[in-house]
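In what follows, a single structure is set out as structure tokens and then discussed.
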Amino acid sequence: MEFINIIDYIGTFAFAISGIRLAAAKNFDWFGAYVVGFVTAVGGGTLRDLMLDTTPFWMEHLSYLIVTGLALIFVLIFRKYVVRLDNTFFIFDAVGIALFTVVGVEKSLEAGFPVWVNVIMGTITGAAGGMFRDIFINEVPLIFRKDIYAMACLLGGIVYHLCLWLGLDTVLTQLIAAVSVFLIRVLAVHFHISLPALKSIDQTADRGDDGSVNPS
């Protein structure tokens, strides 16, 4: 088994746990939790494959459904620790986006697309699954908040290509890129680093007594 496949399965396991963990917090039943975990794990890769005009990866390999099932069993066995600890979701989510970013970049690279497409595919693979997860559990997706989330994936894709440009080994490149995404995400949360919010303009403060809007 190639190293990129190992990364893919570990990422699937981690991302599935992040989805199942949030589903448990919402009191979903076992099947609902499995569905959320599976969508979290394969959502980004599915969107990537459709955009790359190829069959979604999980439709050709039963192993991804099995890995998601193992993630559910893991949460059930260690529920006392996984569900109750606040940082478990964050850790597994950060691992998931880091590894999936690398998988997305590599698959786009193998398909012969240019650098900018590879970076975007890495970002979609890493961040879209979490977006689908949040929609399923009725939360505002992290990708649309101020959190450094998709941006971490984007920077990881750039790091990946910088390593290739420097002539580093493929496995080392994949490791460095994955670690960079993970560290960017962790450090951004730890130091409360975020993108500026696009705030709406309250025009009511500029309205005159007659209800008309005063020019600024």
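Residue farthest toward the positive end of the dipole of region 3-194, with Cβ of Lys/Arg at +1 and Asp/Glu at -1: which of Ile97, Ile135, Thr125? Checking the options against the dipole of region 3-194, the answer is Ile135. Which net charge results when you count Lys and Arg as +1 and Asp and Glu as -1 among the other residues whose beta-carbon is under 12 Å from that of Asn5? It works out to a net charge of -2. In this simple spin-label model, placing a label point 7 Å from the Cα along the Cα-to-Cβ direction at both Phe31 and Ile193 gives a separation of 4.5 nm. Considering helices alone, the calculated mean residue ellipticity of the chain at 222 nm is -23000 deg cm²/dmol, with DSSP H runs of length four and up weighted by -39500 (n - 2.57) and normalised per residue. Taking other C-beta atoms within 10 angstrom as a stand-in for reagent exposure, Leu164, Leu198, Leu187 fall in the order Leu198, Leu187, Leu164, fewest first. Using only the C-alpha atoms, the convex hull of region 77-195 corresponds to 124 Å³ per residue.
Scattering from region 1-114 was approximated by placing one identical point on each alpha carbon and applying the Debye formula without solvent; log10 I(q)/I(0) at 0.14 1/Å stands at -0.54.
Its Cα gyration tensor gives the chain an equivalent ellipsoid. The semi-axes, each the square root of 5 times an eigenvalue, are 32, 24, 16 Å from largest down.
No value in this document is a laboratory result; all are computed from the given coordinates. The structure displayed is predicted, hence computed values, not measured ones. Neighbour counts are summed over all protein chains in view; Cβ atoms, including those assigned to glycine, are modelled from backbone coordinates with ideal geometry.
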